[in-house]
Amino acid sequence: MYIPPAFRLDDRAAALEVMRGNPFALLVVATGRGELEITHLPILVDADGDALALRGHVSKANPAAGLIAGSSAADPVRATVVFSGAHSYVSPDWYRAENQVPTWNYLAVHATGAFAHVDDPAEVERLLADLSAEHEAALAPKRPWTLGKMAPGTAGRMMKGITAFRLTVDRLEAKAKLSQNKGEADRGGVTAALDALARPDTVETAAWMRRLAG
């Protein structure tokens, strides 16, 4: 990812916050035939100290499934997971300075590493349970859905149709393009305009602008 120095986000905790706050990501993996396989999917982020891993699954019909299953320590298949954070269009009219051009403010994180195929049924079931638990929690006070609500044997049969993986991240790139290259008055004009629009995307972008202004 191209990251000018002014937009590099070196705050690991902030990068993890972007990832966890935007878990529906893009999995990008080269097929070996000069093509890319890109999958939209929810991702679990597991961080423990400096260690960082991502968990997820794809349909066995997905071409990425064969690449995941074929990855090994001796012949690893690498992939990048792209997380898109807060973003918004920025109008030149919001700057105090003249002769500006339109742009887009945004946060993005790219996490790259090697696949490990998760084929142990207990681990696959734990992945599915963790995924549903994370997203059901946001629906409170609704009682969370669990795998246990399915008829006996149903979950096991459906699990045979997916390929689960764990991706150990060895390169983490985070970008926050939030008008850091503009003067204080220009940044203030942008944040005020974004707040005034009062949309979730604009308000969140403005909040990140203020947070990372220093």
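The values are calculated or read from the model by the stated rules, or taken from the named source; none is laboratory data. None of the values given here were measured: they were computed from a predicted structure. Counting neighbours? That spans all protein chains shown, and the Cβs are built from the backbone with ideal geometry, glycine included. Protein only, heavy atoms only, side chains kept; ligands, DNA and RNA dropped before computing areas. Shrake-Rupley method; radii C 1.70, N 1.55, O 1.52, S 1.80 Å.
Over the chain, what percent of the accessible surface lies on carbon and sulfur atoms, probe 1.4 Å?
Solvent-exposed carbon and sulfur of the chain make up 55 percent of the total.
Give the calculated FRET efficiency between Asp46 and Ala140 to the nearest 0.05, with a Förster radius of 25 Å applied to their Cβ-Cβ distance.
Calculated transfer efficiency: 0.65.
About its Cα centre, how strong a charge dipole does region 137-214 have in debye, to the nearest 20, once Lys and Arg get +1 and Asp and Glu get -1 at the Cβ?
540 debye
Considering the chain as a Gaussian network with a 10 Å cut-off on Cα pairs, which listed residue, Leu147, Leu27, Leu167, attains the greatest mean-square fluctuation?
Top of the fluctuation ranking is Leu147.
Given a 1.4 angstrom probe, what's the average accessible area per residue across the chain, in square angstrom?
Computed with neighbouring chains in place, this is 55 Å² per residue.
Please sort through the DSSP H helices of the chain and keep those with an alpha-carbon extent of at least 18 Å along the long axis and a Kyte-Doolittle average not below -0.5.
Membrane-span-like by this rule: 121-136, 184-197.
In whole Å, what is the distance between the alpha-carbon centres of region 136-190 and region 11-78?
With region 136-190 and region 11-78 each reduced to a Cα centre, they are spaced 12 Å.
Heavy atoms only, 1.4 Å probe, whole protein assembly: order Ser88, Ser59 by accessible area, highest first.
On the way: Ser88 5, Ser59 60 Å².
Result of the area sort, largest leading: Ser59, Ser88.
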